[in-house]
Amino acid sequence: MSETVEFRSNGSAASGYLVKPRSGSGPGVLVIQEWWGLDSGIKSMADRLGAAGFVALAPDLYHGEVAGHNEMDKAARLMQSMPAERAGRDMSGAVDYLSSHSAVTTKGIGVVGFCMGGMLSFLIAANRPDKVKALVPFYGFPHGAMEPDWSALSASIRGHMAEHDDYFPPAAARA
């Protein structure tokens with residue numbers, strides 16, 4: 001029960017991959033992409049969450065562009081050229097769309113992110129504490145100049161980070 005949907009994103013439109021469970025309703029979860037884009041792996045994760053009873057929405061933060069897993073240079077270019085403000089607006093629009101969807105049975109939603117999406121999931125949770133109540137990042141978090149104002153963050157967090165990592169050091173993850 002998947003479909004491509006459009007939602008408002010600060011005066012324009014964004015899109016995403018929406019999956020509803022067999023029952024037709026359930027808790028909402030936002031699925032944030034890796035640096036490859038909204039590819040088959042992220043869609044498969046949304047499908048798995050739908051099969052587990054969630055209403056899952058994976059916003060397309062690259063607006064239709066995707067890099068293959070053998071295209072590291074393209075993935076890096078896509079990530080670096082993605083306007084941070086637009087990604088933030090698209091994720092916020094996705095939060096609003098999902099949290100108000102008739103199939104979502106909870107007041108708050110969860111967010112799961114992978115690699116680049118792990119970092120972005122922290123940002124949307126910090127910026128939208130009104131709706132984001134649970135956060136499960138798989139690798140990646142904002143640190144240094146990328147850190148948001150953490151004071152409003154109220155989501156429960158279950159982070160999955162690497163033990164040996166020079167870019168996302170374990171000490172910074174603990175902090």
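What follows draws every value from the coordinates through simple rules; no lab data is involved. These numbers come from a predicted model, not from an experiment. FYI the Cβ positions are ideal-geometry reconstructions off the backbone, even for glycines, and counts take in every protein chain you see.
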Listed peptides 66-72, 100-106 by packing density, highest first (mean Cβ within 10 Å): 100-106, 66-72
Cα centre as origin, Lys/Arg/Asp/Glu Cβ charges: the range 2-174 dipole, Debye: 640 debye
Burial ranking of peptide ranges 18-30, 115-127 (average Cβ count within 10 Å, highest at the top): 115-127, 18-30
In sequence order, calculated HN-Hα J values of the range 24-33 (Karplus, 6.51, -1.76, 1.60; Hz; x Gly/Pro): x, 8, x, x, x, 9, 8, 10, 9, 5
Unsatisfied cross-links (Cα-Cα over 29 Å) in the set 74/133; 43/74; 20/74: 74/133; 20/74
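Check each of the trypsin sites (Lys or Arg not before Pro) in the range 91-154 and keep only those in coil by DSSP with at most 13 other C-beta atoms within 10 angstrom; list them in order. Walk me through the intermediate numbers first.
On the way: sites: 107, 131, 133; in loops: 107, 131.
Qualifying residues, ordered by number: 107.
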